[in-house]
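No lab work stands behind these numbers, since they all come straight from the coordinates. What you see is a predicted model, and the numbers here were worked out from it, not measured in a lab. For neighbour counting, all protein chains shown are included, and Cβ atoms are generated from backbone atoms with ideal geometry for every residue, glycine included.
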Amino acid sequence: MFKNKYDTKGMSIYRFLYMYISVISAKGCNYASNICGSFILMSSDHIKRAETILNTKNDNYLMGKCKESFIIVRLCDEIKIKLIILQNLEWQASFPKSVKFSILNNQNWYEIGTFELLKKRSPQSFTLNSPHFSNILKIEILDFNGKFDIFTLSSLKVFGTTMMEDFKEKEFIKTQGMNLYDIFSSKIIKLEKYNELKENFIVFELEKQFLHLKKVVYKLKNCVLLILLLLLLSLIFILIRKI
């Protein structure tokens, strides 16, 4: 007996668990933390206390002049970067507005994303899909938001997958004979069927309400005709009596 391609039981449960564990493990380790050995390789001359962005405590911050700046960070391990989180907790300074991320691979820099930041104190996340493994990340601050001549940055966090994690993921997909479309296709089809049923139900309800309204109008019409007929008969009776 052939197995339904979009069967949500059995293997799909393992797929879901695997994807969930992958996401948790990918975000579980901050590879830009001084605790695991990350450090600043280089930064613009005017930047002070650059190493503080690698500290998990937010009692200090990087600061520099509001002009194009760069920071080069050596991560704890070679990873494919999936997520970068920046945070600025200071209000008495300008905020980074436009930021470009690049990685070093085979002595060449590869841009992996340029993003616009909001002027807010909460963490700001940027999803990336780096094609290469690297432990060197360059952050270029291109523009600023605010009236101050000095900008600050409180925290940098970098998440991703190591070579071993990437290998295990590919092997899992290979042995199970699936791809990302197969993983989520059942969800997509279920959603489409749900939307279709929902639309059909709405149409059915509208038709039902319309028929009910039509019956009410028909009854009202008959009542109005009956009232008019009674009024006409009453008028005829009055006229006859006068004669």
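Values of log10 I(q)/I(0) for segment 26-111 across q = 0.18, 0.24, 0.25, 0.26 Å⁻¹ run -0.90, -1.57, -1.64, -1.70, by the Debye formula with one identical scatterer at each alpha carbon and no solvent.
A P(r) calculated from all alpha carbon pairs of segment 13-177, with 10 Å bins opening at zero, reads 10, 38, 32, 13, 5, 1 percent.
Computed from the C-beta positions of LYS119 and LEU211 and an R0 of 41 Å, the FRET efficiency is 0.15 to the nearest 0.05. Listed by Cβ neighbour count within 10 Å, with the fewest neighbours leading, ARG241, ARG49, ARG121 appear as ARG241, ARG121, ARG49. With K and R counted +1 and D and E -1, the other residues having a Cβ less than 14 Å from that of SER43 yield a net charge of +2.
Taking other residues whose beta carbon is less than 12 angstrom from the beta carbon of LYS67, and scoring Lys, Arg as +1 and Asp, Glu as -1, yields -4.
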